[in-house]
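What follows is a set of notes on a single structure, which appears directly below.
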Amino acid sequence: MNKQTATGEYSGERSYFCTFEGCQGRELMKVTCTECNKNFCLNHRHQNEHNCEKLEIKEDKTKTAEHVRQIIASKAAKAHPVPSKGKKSSKTAAKVALMKLKMHAIGDKGIPQDSRVFFLVYLPMQTKLKAKPMFFSKTWTIGRVIDSVADFNKISNPNNTGSEQKLRMFLHDCGGLLDTKASLELCLQQENLYNGSSVILECVPTDCSQIDNTHDYKS
């Protein structure tokens, strides 16, 4: 039988026990967590107060999502590298090299003089070919530059096949991958490349975004 005090408060037995470990609390009415569906006292009714198992799962998912975002951000940074020497010193070195490159560079002679961009191209190591001074049109993409280098030097090009190895171009000073879809003009504007820069052409797995042994590529 229910009992009430003079103030109207309930003083009888409270039959809904709190399921939080170590708690002896109980309530007249059910206090159920909407996530784990367990019963708690008023002091432990919130998820963080009873260490709700559903809350832990959500937190784990959040941490996993954050970890994935960090990995994606890291790959994006590698896909758009900044030369390790610093832009000023790299630009100066490219200007000095440009004068020498223009004297011996090979390329499509149909490209107008004012549209030509000159690179010293280090060829795939397995070919055992020496680095070549070459010129390209600033309107070309990096992908077309790769095709041109392969054609001029008679290098097998698996880029239009289902091969797991592809020809990719990297910066010689830092080993960073150049985006095959980016135009030379855009790369020059963003100063990822300079007229007179040195680049590496190499056949690598499709997920490769960095060459670490750039010092092994010598002219």
Restricting the search to the range 39-51, which residues are over 39 Å from the mean Cα position of the chain (by Cα) and open to solvent by 90 Å² or more (accessible area, probe 1.4 Å)?
-> Asn43, Arg45
Can you tell me how many residues in the range 25-38 are open to solvent by 80 Å² or more (accessible area, probe 1.4 Å) and outside any loop (DSSP other than H, G, I, E, B)?
-> 1
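The values are calculated or read from the model by the stated rules, or taken from the named source; none is laboratory data. In this text, all values refer to a predicted model and were calculated from it rather than measured experimentally. Heads up: the accessible areas ignore ligands, DNA and RNA and are worked out on the full protein's heavy atoms, side chains in. Shrake-Rupley method; radii C 1.70, N 1.55, O 1.52, S 1.80 Å.
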